[in-house]
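The values are calculated or read from the model by the stated rules, or taken from the named source; none is laboratory data. Because the structure is predicted, anything quoted here is derived from the model rather than measured. For neighbour counting, all protein chains shown are included, and Cβ atoms are generated from backbone atoms with ideal geometry for every residue, glycine included. These accessible areas exclude ligands, DNA and RNA; they are computed on the full protein's heavy atoms, side chains included. Shrake-Rupley method; radii C 1.70, N 1.55, O 1.52, S 1.80 Å.
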Protein chains: 4
Amino acid sequence: MFELDLRSRKPIYEQLVDKMKQLIINGVLKKDEQLPSVRALAQQLSINPNTIQKAYRELEMLGFIYSLKGKGSFVNQLSTQNNSEELKIIKEKLKKTLTEALFLGISLEEINDLMDEANRGIKRGEDND
Amino acid sequence: MFELDLRSRKPIYEQLVDKMKQLIINGVLKKDEQLPSVRALAQQLSINPNTIQKAYRELEMLGFIYSLKGKGSFVNQLSTQNNSEELKIIKEKLKKTLTEALFLGISLEEINDLMDEANRGIKRGEDND
Amino acid sequence: MFELDLRSRKPIYEQLVDKMKQLIINGVLKKDEQLPSVRALAQQLSINPNTIQKAYRELEMLGFIYSLKGKGSFVNQLSTQNNSEELKIIKEKLKKTLTEALFLGISLEEINDLMDEANRGIKRGEDND
Amino acid sequence: MFELDLRSRKPIYEQLVDKMKQLIINGVLKKDEQLPSVRALAQQLSINPNTIQKAYRELEMLGFIYSLKGKGSFVNQLSTQNNSEELKIIKEKLKKTLTEALFLGISLEEINDLMDEANRGIKRGEDND
DNA sequence: GTGGTCTAGACCACC
DNA sequence: GTGGTCTAGACCACG
């Protein structure tokens with residue numbers, strides 16, 4: 001389920017954060033669904049529990065999940081509290097990536113295809129339960 | 001001209017690499033144009049020359065610039081050696097960013113606007129000399 | 001084990017890169033085998049850790065090793081991503097060296113002997129684990 | 001006639017040395033033939049005369065040319081004073097290159113082809129005048 | 001413990 | 001003057 005690249009220069013916990021974000025964004029993990037426990041996931045992936053812990057903490061800070069003491073971690077309702085700051089950041093990033101893609105010769109058509117794929121992949125919060 | 005975030009978790013030299021890439025991609029720095037010298041830029045940004053040097057070295061390995069001992073560092077002719085590997089990576093990244101943007105509620109219209117901006121910003125190699 | 005020539009015009013870190021490449025190519029260092037730590041090797045060779053680091057970084061960019069923060073540096077699986085560019089370079093170099101050898105009076109027989117030695121010395125990836 | 005790569009990381013004077021060696025080895029420059037003067041060559045290649053000077057000095061040290069004060073520089077008779085030291089070095093280098101080539105998957109057949117090419121390219125001293 | 005980044009300051013090679 | 005290498009020593013991030 002999680003494919004981590006232990007050889008990557010990107011820290012494992014960051015990879016985990018990204019994977020989780022993807023799973024939530026793609027609707028695989030739905031609102032209020034419980035995440036695997038730190039220890040369970042650590043064992044499953046055979047990595048240090050501290051690493052999982054760190055990833056969960058970051059996801060919480062980003063507003064993707066919330067944690068209940070003694071209960072576990074759960075998926076948050078998103079796309080509501082999107083402060084404009086986050087939006088600005090992702091827009092900036094998107095523009096930068098688009099520019100680089102165009103510069104490297106990727107055609108507008110290809111980009112539109114990617115956009116369709118992305119659009120199809122989305123499962124927004126309101127559709128989920 | 002260069003705004004570095006010394007507090008960022010992203011290493012300074014990497015920020016420099018990104019900035020330079022942007023400047024080259026956007027045509028601000030043109031083919032064979034000389035970059036600021038290692039020492040000069042170091043003084044201007046009040047960071048260590050070795051850090052600049054590291055950034056320049058990386059840019060050289062990435063094919064964005066070339067360095068002549070005793071002469072200086074210069075912008076390379078790009079968009080020629082685009083190996084497919086790079087293309088694949090940027091496409092993947094673009095798709096991921098698009099998905100996240102759409103998920104966060106950015107409309108297709110806004111994205112198209114960004115794409116126009118990006119397209120206008122591009123100055124490709126053949127326009128430069 | 002490592003014989004460095006501190007007087008040589010070739011930078012120490014480059015000598016290190018070459019030595020390591022040889023050790024990997026000759027199968028002395030096998031796939032996923034851990035390299036000596038930056039600090040350990042630095043002490044053993046009585047050179048600065050930064051120099052080792054630079055060599056390891058270069059080996060990583062060349063695809064010969066991979067590094068895990070907090071874990072160490074390890075030999076990569078090779079002979080898979082041989083892009084044709086590298087092949088062209090080594091062929092050119094080989095032809096030049098052969099020409100020089102022949103010119104200096106080394107016989108075809110001697111060269112064939114060297115080729116046998118080289119061939120025997122090779123330990124390719126598939127033999128290693 | 002001389003194609004120098006000003007962008008290369010290899011110093012210009014070293015490139016010059018290599019080119020000259022090739023020209024001598026390939027018999028383009030024959031025994032006792034006069035080399036272009038430092039100033040002429042400098043102008044032709046539009047590089048600094050000091051750089052030419054340095055290259056000639058090195059070629060002289062290597063035994064490829066000799067210089068007569070007030071006369072100029074001339075091609076030496078080679079393949080006679082090949083001390084065994086030089087031979088050992090080139091053999092070592094050849095073996096290393098062969099090993100790397102084989103490791104990278106270049107076939108014995110291809111290497112034999114390169115050897116034929118090299119052999120055909122050679123014009124030894126005794127054939128030259 | 002590991003690799004990775006950064007600084008301050010020195011020296012070299014090149015042109 | 002330029003880029004390039006190296007050292008000594010500090011601090012951080014990761015697991």
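A few comments on the model shown:
- Residue in the range B:28-46 that is of a type in the set (A, V, I, L, M, F, W, C), surrounded by fewer than 14 Cβ atoms within 10 Å (Cβ to Cβ) and within 13 Å of DNA strand F (Cβ to nearest atom) present: yes
The rows are residues; the columns are (1) closer than 26 Å to residue C:108 by Cβ; (2) at pLDDT 90 or above; (3) among the charged types (D, E, K, R).
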position: D:3; (1), (2), (3): no, no, yes
position: D:6; (1), (2), (3): no, no, no
position: D:21; (1), (2), (3): yes, no, yes
position: D:25; (1), (2), (3): yes, no, no
position: D:30; (1), (2), (3): yes, no, yes
position: D:42; (1), (2), (3): no, no, no
position: D:69; (1), (2), (3): no, no, yes
position: D:107; (1), (2), (3): yes, no, no
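- When the helices (runs of 4 or more DSSP H) confined to the range D:1-107 are screened for residues that are in contact (Cβ under 8 Å) with a residue 12 or more places away in the chain and hydroxyl-bearing (Ser, Thr, Tyr), those reaching at least 2 such residues are found at D:49-61.
- Test for residue B:96: is it assigned by TED's automatic domain parsing to the domain that holds residue B:119 and either touching a helix residue (DSSP H, G or I) at 6+ places or on another chain (Cβ under 8 Å) or of a type in the set (Lys, Arg) (or both): yes
- Test: residue C:89 is farther than 30 Å from residue A:51 by Cβ and open to solvent by 80 Å² or more (accessible area, probe 1.4 Å): yes
- Failed condition for residue C:55, given (1) open to solvent by less than 20 Å² (accessible area, probe 1.4 Å); (2) within 28 Å of residue C:115 (Cα to Cα); (3) of a type outside the set (Phe, Trp, Tyr): (2)
- Looking only at the range D:1-21, and only at residues there that are hydrophobic (A, V, I, L, M, F, W, C) and loosely packed, with under 14 Cβ neighbours inside 10 Å, the one that is nearest to the other protein chains (Cβ to nearest Cβ): D:6
- All conditions in (1) under 12 Å from the mean Cα position of the chain (by Cα); (2) away from chain B (no Cβ under 12 Å) hold for residue A:32, with the sole exception of (1).
- Scanning the range C:37-80 for residues that are farther than 20 Å from residue A:9 by Cβ and more than 6 Å from DNA strand E (Cβ to nearest atom) gives C:41, C:42, C:43, C:44, C:45, C:46, C:47, C:48, C:51, C:79.
- Index of the failed condition, residue C:24 passing every other in (1) away from chain D (no Cβ under 11 Å); (2) in contact with a strand residue (DSSP E or B) (Cβ under 9 Å, 6 or more places away or on another chain): (1)
- Residue match in the range C:63-84 (condition: more than 29 Å from residue A:50 (Cα to Cα), open to solvent by 30 Å² or more (accessible area, probe 1.4 Å), within 16 Å of DNA strand F (Cβ to nearest atom) and under 18 Å from the mean Cα position of the chain (by Cα)): no
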